[in-house]
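The values are calculated or read from the model by the stated rules, or taken from the named source; none is laboratory data. Source: prediction; values computed, not measured. Here the Cβ is made from the backbone with ideal geometry for all residues, glycine too, and neighbour counts use every protein chain on show. Note: areas computed on protein heavy atoms with side chains; ligands, DNA, RNA excluded. Shrake-Rupley method; radii C 1.70, N 1.55, O 1.52, S 1.80 Å.
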Amino acid sequence: MARAAVPGRLTWRVAELASTDDITKSARGLVFDVPGWPGHLPGQHVDVRLTAEDGYSVQRSYSISSAPDGERFELSVQRVEDGEVSPYLCDVLSPGDQIELRGPVGGWFVWRAADQAPVTLVAGGSGIAPLMAMIRTRAAEGSRVPFRLIYSVRTPDDVYYADELRRRAREDSGLDVHIVYTRQAPEGAPEPKRLGLATLNTHAWPADFTPNVFVCGPTGFVETVSDIFVALGHDPRRVRTERFG
Ligand SMILES: Cc1cc2nc3c(=O)[nH]c(=O)nc-3n(C[C@H](O)[C@H](O)[C@H](O)COP(=O)(O)OP(=O)(O)OC[C@H]3O[C@@H](n4cnc5c(N)ncnc54)[C@H](O)[C@@H]3O)c2cc1C
């Protein structure tokens, strides 16, 4: 009975890689088809399991970066050079290959299109993945909830989905995109700097608007940013965080 209460979520499924795409020089988009996939909410992730011929097995989590689309979804994987799993996913796995995964996982770090509160999204590096699912779902559902994305990257080459974000922001006045460069900025942009209070105070929805805030990225980044939101008067219960470890 207890098992029937969590249909499919904890079941390992076979996922077949349908296509891949270079998101940046060091990140790859992987589109999977997963027969029996129950669907996901934007913000949720999957657990991926790789098993070697000798039975050795490793697991990692990856956020879904696409809007719900039947039994198909995209993961956006940053290659960690000395990593065990991400180089395999980025460089070895080819269309037609199969891996195991389970999910969708997570019920807190999700955006629901029915929620009319304005949304601030803050991403550090590959932390854009679940926020991209929210941006894409908002568009797919024709939602008019105003979104503001503040995205911290090292250099212009590290911006995930740069063309798509530019296009969406140009075509949709309800989506504001502000990029902060921490190491090297493009010509004409402000000097590189770390994301801090001044930027969040200027570009995020003020606390008075009771926005939903989603922060995702490396642990230190997420902690710094969420502390600033609380210092700016946001209700901590409305500041949702996802740490990539
Ligand atoms: C809920 C959740 C969602 C996630 N979603 C994504 C996602 O959408 N895209 C994505 O690319 N990753 C995501 N991650 C991170 C992912 O699970 C792995 O940790 C990452 O791919 C590294 O795994 P690896 O096996 O390649 O490296 P490991 O073998 O685990 O680590 C190798 C070395 O790299 C360091 N390291 C580990 N992770 C990182 C990192 N992220 N950045 C820099 N150095 C690191 C380790 O400290 C270690 O020194 C997510 C993590 C969580 C918990």
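Annotations for the structure displayed:
- Every residue from segment 204-221 that is in contact (Cβ under 8 Å) with a residue 60 or more places away in the chain and not hydroxyl-bearing (Ser, Thr, Tyr): ALA204, TRP205, PHE209, PRO211, ASN212, VAL213, PHE214, VAL215, CYS216, GLY217, PRO218, PHE221
- Just so you know, in segment 65-98 the residues that are among the polar types (S, T, N, Q) and part of a loop (DSSP other than H, G, I, E, B) include one that is nearest to the ligand (Cβ to nearest atom), and it is SER65.
- Segment 190-220, residues that are over 15 Å from PHE109 (Cβ atoms), open to solvent by 20 Å² or more (accessible area, probe 1.4 Å) and in a helix (DSSP H, G or I): LEU197, ALA198, ASN201, THR202, HIS203, ALA207, ASP208, PHE209, GLY220
- Tally of residues being within 24 Å of VAL213 (Cα to Cα) and surrounded by 19 or more Cβ atoms within 10 Å (Cβ to Cβ) across segment 19-40: 1
- Hits in segment 26-67 (condition: touching a helix residue (DSSP H, G or I) at 6+ places or on another chain (Cβ under 6 Å) and of a type outside the set (S, T, N, Q)): ARG28, PRO42, GLY43, ILE64, ALA67
- Hey, LEU101 of a type in the set (A, V, I, L, M, F, W, C) and part of a strand (DSSP E or B) or not: yes
- Residues (of a type in the set (Ser, Thr, Tyr) and within 21 Å of TYR160 (Cα to Cα)) located in segment 186-242: THR199, THR219, THR241
- Flag if LEU17 is over 17 Å from the mean Cα position of the chain (by Cα) and touching a residue at least 60 places away in the same chain (Cβ under 8 Å): yes
- Verdict on ASP172 being surrounded by fewer than 24 Cβ atoms within 10 Å (Cβ to Cβ), closer than 27 Å to THR210 by Cβ, in the same structural domain as PHE214 (by TED's automatic domain parsing) and in contact with a strand residue (DSSP E or B) (Cβ under 6 Å, 6 or more places away or on another chain): no
- GLU187 passes every criterion in (1) within 24 Å of THR241 (Cβ to Cβ); (2) open to solvent by 80 Å² or more (accessible area, probe 1.4 Å) apart from (1).
- The listed residue being in the same structural domain as ILE228 (by TED's automatic domain parsing), over 16 Å from ARG243 (Cα atoms), at pLDDT 95 or above and surrounded by fewer than 16 Cβ atoms within 10 Å (Cβ to Cβ), out of GLY70, GLY83, GLY96, GLY142: GLY142
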